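In what follows, a structure is listed as structure tokens, so that the remarks can point back to it.
The values are calculated or read from the model by the stated rules, or taken from the named source; none is laboratory data. Small disclaimer: the values here were computed from a predicted structure and weren't measured. Note: ideal-geometry Cβ built from the backbone for every residue, glycine included; neighbour counts use all protein chains shown. For accessibility, only protein heavy atoms count, side chains too; no ligands or nucleic acids. Shrake-Rupley method; radii C 1.70, N 1.55, O 1.52, S 1.80 Å.
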Amino acid sequence: MSKINIFFLFLLAPFIGIFMVSQEFVDESKYLVMNTASMSQSVESLGKSVEDLEESIEEFGLIVEQQKEVFNQQNELITELSDKSDNQRKLSNDIYEQKILEMLGPAVKTHISSKTEIKIFKLAELGYRGYIAKIKLFDPNAFKVVLGKDTLGKLETTSKAAKRIGGILAINGGGFYTENRNGKSYAQLIGNTVINGNLVEPFNGYPGDLFFTGINKRGQVIGTVPKTEGDIMNLNPYQGVSFTPVLIRDFQKIQIPSKWAKTNQPRTIIGKYSNDDLIMIVIDGRQEKWSKGVSLERVQDKLLELGVKEAYNLDGGGSSAMYYNGALLNRPSDGRERPVVNNIVIMP
């Protein structure tokens, strides 16, 4: 081969390479056409799936709207039934309240606030007199057990305790006895006393027949004859005191020891109605021309007559006192108020 031919061969080599590649691309392009066709089918299938999905979404949306409409209808029905139930409950409560007031008679004093509603009634029966307080607690914080001078071992009259903390209503509370400690008189609580949810002294189960009563943290009257600290704490106590005996439970008389059953004495009682209204009663005694006092059996009969569901006998005798809005209502048997170890005070 001549040098000229070799020269032309090298000169044409790039074009020959391009031609050969283009021929190969032509040969392969048929596969490209086939893949494009397959892709077109896939796109069409995907489009159909999207259309089906859109239809499903529309159908689901319709179902959701239907369900929403059904829910709204049911919610309106439930609201209507709830309103009717609330109205019926209110009507029932109003009827119950009216029956209680009919049994108690006309109120001689009334107080109402955002925390409490208090109505005071005179109690005048054959042989004894006293006062009844019916209380609605809208705020449990309005019910307080107050130690004498806020100190263990100290004594304070019901009136002084109420005035000191700004209370509007007060009665004497739990039992106690006095003893000599280090040459000074010390007032010892009996049973168990709870203030602000805590026992003020370690649990005391002696002598075994003392009840604990007061209110829980929802403002409801609670009570039990505790054998352990747990018996008290299981009631979720907020405030409470101890004495004896239990008088009424679930509208039933509780048997009273014979030594207390028939003796006429001044009395202090705390209890509740079925609607959780509190009732406090103080009855005077040992005053022949005013009030002889009353036996616990007669107290039980009176409580049931008044429709009381649950009731407890607090410390009585010369300790019995009821204070209201700046004045002592009853006439204590000692001729004056007796200082006591604790008092139950209702805030205005």
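For (1) without any contact (Cβ under 8 Å) to a residue 40 or more places away in the chain; (2) more than 24 Å from the chain's Cα centre (by Cα), each residue gets a yes or a no:
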{"position": "134", "(1), (2)": "no, no"}
{"position": "142", "(1), (2)": "no, no"}
{"position": "157", "(1), (2)": "no, yes"}
{"position": "206", "(1), (2)": "yes, yes"}
{"position": "215", "(1), (2)": "no, no"}
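Considering only the range 141-157, state which residues are in contact with a strand residue (DSSP E or B) (Cβ under 9 Å, 6 or more places away or on another chain) and surrounded by fewer than 16 Cβ atoms within 10 Å (Cβ to Cβ). Scanning the range 141-157 gives 141, 149, 150, 154.
Quick grid of which residues meet (1) under 30 Å from the mean Cα position of the chain (by Cα); (2) without any contact (Cβ under 8 Å) to a residue 24 or more places away in the chain:
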site: 289; (1), (2): no, yes
site: 295; (1), (2): no, no
site: 303; (1), (2): yes, no
site: 309; (1), (2): yes, no
site: 314; (1), (2): yes, no
site: 322; (1), (2): yes, no
site: 330; (1), (2): no, no
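Residues considered: 133, 187, 162, 170. Of these, the only one that is open to solvent by less than 10 Å² (accessible area, probe 1.4 Å), in a helix (DSSP H, G or I) and of a type in the set (Gly, Ala, Ser) is 162. In the set (1) open to solvent by less than 50 Å² (accessible area, probe 1.4 Å); (2) of a type outside the set (A, V, I, L, M, F, W, C); (3) in a loop (DSSP other than H, G, I, E, B), residue 263 fails one condition alone, (1).
Scanning the range 211-232 for residues that are open to solvent by less than 20 Å² (accessible area, probe 1.4 Å) and over 14 Å from residue 278 (Cα atoms) turns up 211, 212, 226, 232. Checking 263, 224, 244 one by one, the residue that is of a type outside the set (Lys, Arg), under 26 Å from residue 321 (Cβ atoms) and out of contact with any Phe, Trp or Tyr (no Cβ under 7 Å at 6 or more places or on another chain) is 263 and no other. Would you check if there is a residue in the range 289-305 being assigned to a strand (DSSP E or B), among the small types (Gly, Ala, Ser), open to solvent by less than 20 Å² (accessible area, probe 1.4 Å) and within 20 Å of residue 194 (Cα to Cα)? The answer is no; no qualifying residue exists.
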